[in-house]
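Peer 1: Here you go, one structure.
We did not get these values from a lab; they are worked out from the coordinates using the rules stated. Everything numeric in this text was worked out from a predicted model, so none of it was measured. FYI the Cβ positions are ideal-geometry reconstructions off the backbone, even for glycines, and counts take in every protein chain you see.
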Amino acid sequence: MATTINADTSDGLKLTADTSGTIDLQSAGTTIATVNSTGIAMASGKTLTSDAPSFSARLTSGQSVVATTFVKILMNVETWDTNSDYDTSLSRFTPTVAGYYQFNANAFISCPPTGRVFLLLFKNGVLKKYGGGLGTQVNGGITYNVVAQLDANGSSDYFEFFIYQEGGANQTINPDPTLTWWDGFLARAT
């Protein structure tokens, strides 16, 4: 026997008490976890997650930015990927946990372009957020960044980062991992 806390689908929260010193956590009468003096034991097939999904990726070599063209930034090396949601072959993040994600990206161009440059966040192939513009001068070049929060359904939504230069000569993105990178994390699950 155990004290039972059940989130019942018809009667709401139900509590059944005893003196065993064990607590069963249930959803609709099915035990999800048991808590006792030795810790928390998850029921078969159930998991307890302590870390929100997150990733960080970077370039391995310089990448050309062609003026007036949307260019996908090929972040093809993971620094980390806690939930195996980042695909290095596609430079794409497809989260498997539904919720709101925060994305941060930075790109460094050594030779300052003549036109504005934008970093763009696409969701499912559609532009959702952008940042950049005139950028910030750093170490003889210009750095561009974007920070955005977007929702994901946890099954089929995917995210990609692109760069766009309004005009002028083609440029090259510097692959230094301290200057050019992309990361994201689950800010709030839904």
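Peer 1: Is it true that some residue in region 129-144 is within 12 Å of the chain's Cα centre (by Cα) and in a strand (DSSP E or B)?
Peer 2: Quick first cut of region 129-144, residues within 12 Å of the chain's Cα centre (by Cα) only: none.
Looking through region 129-144, none of the residues is within 12 Å of the chain's Cα centre (by Cα) and in a strand (DSSP E or B).
Peer 1: I'd like the full set of residues that are small (Gly, Ala, Ser) and surrounded by fewer than 17 Cβ atoms within 10 Å (Cβ to Cβ), limited to region 100-130. Walk me through it before giving the result.
Peer 2: Initially, region 100-130 is screened for residues small (Gly, Ala, Ser), giving 105, 107, 110, 115, 125.
Result: Ser110, Gly115, Gly125.
Peer 1: Any chance region 19-30 includes a residue that's without any contact (Cβ under 8 Å) to a residue 60 or more places away in the chain, of a type in the set (Asp, Glu) and surrounded by fewer than 13 Cβ atoms within 10 Å (Cβ to Cβ)? Give the steps one after another, and end with the answer.
Peer 2: To start, the set of residues in region 19-30 that are without any contact (Cβ under 8 Å) to a residue 60 or more places away in the chain comprises 19-30.
Now drop any that are not of a type in the set (Asp, Glu), which leaves 24.
If we keep only those that are surrounded by fewer than 13 Cβ atoms within 10 Å (Cβ to Cβ) too, we end up with none.
No - not one qualifying residue is present in region 19-30.
Peer 1: Can you give me the ranges of the strands (runs of 3 or more DSSP E) entirely in region 1-91 with at least 1 residues that are more than 18 Å from Ala105 (Cα to Cα)? Let's see the steps before the verdict.
Peer 2: Working: elements: 3-8, 12-16, 23-27, 30-36, 39-42, 54-58, 63-65, 77-81.
By residue number, 3-8, 12-16, 23-27, 30-36, 39-42.
Peer 1: Identify the single condition in (1) in contact (Cβ under 8 Å) with a residue 40 or more places away in the chain; (2) more than 19 Å from Thr94 (Cα to Cα); (3) not in a loop (DSSP other than H, G, I, E, B) that Thr114 does not satisfy, given that it satisfies every other one.
Peer 2: Thr114 satisfies all of (1) in contact (Cβ under 8 Å) with a residue 40 or more places away in the chain; (2) more than 19 Å from Thr94 (Cα to Cα); (3) not in a loop (DSSP other than H, G, I, E, B) except (3).
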